[in-house]
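FYI, it's all coordinate maths here, none of it is from the lab. Just so we're clear, the structure is a prediction, and the values are computed from it rather than from any experiment. Quick reminder, even Gly has a Cβ in these numbers, built from the backbone with ideal geometry, and neighbours come from all protein chains shown.
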Amino acid sequence: MARTTYTELASPEAERLVDAFFALGHVGYVALGRGQEVLMRSHPDIVTETTPESNFYEELLVNPTLLTLAGQRGGLDCGGLGYIAVGYGGFIEMIMRMKNGHVSLGVSPKTQVGEFAKRMQAVLEQHGATYLPAAPSLLAKT
């Protein structure tokens with residue numbers, strides 16, 4: 001199982017994307033997930049009680065599952081899924097699909113999530129990492 005933790009270097013493209021998310025401000029944690037790979041970074045000024053192990057499994061299992069479930073629902077008749085915001089005790093976890101995976105940011109609990117999601121999407125667009133929806137349906141439309 002491939003695993004990139006807080007300290008291992010990632011590709012230059014991934015590191016630039018992480019830096020761009022931190023540059024949004026009020027971001028304490030950035031994770032990029034793709035399959036079995038998880039890249040996690042925390043802001044040096046952030047003190048947290050979460051553990052690297054629990055964060056790893058959140059990114060490996062929980063967040064992709066949430067995106068799949070909410071994406072299925074959003075695809076029915078809601079116009080798709082833009083983002084998920086989870087309000088934990090001390091922060092908000094912003095989760096969004098990206099090209100070949102997902103991004104997860106831990107942000108200030110005072111964050112206006114709708115506006116912040118637009119800024120996240122802009123970063124993905126600037127880095128060519130925007131989520132590409134699945135191929136068109138195989139079922140014939142009559």
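Relative to the longest principal axis of the chain, what angle (0 to 90°, nearest 10) does the C-alpha long axis of helix 113-126 take? Taking the Cα atoms of the chain, the angle to 113-126 is about 80 degrees. The simple spin-label model puts a point 7 Å past each Cα toward its Cβ; for L139 and V113 those points are separated by 3.0 nm. Amide H contacts of N100 (H built 1.01 Å from N, in plane; Pro and chain starts excluded): L132 sit under 5 Å, all sequence-distant by 5 or more or on other chains.
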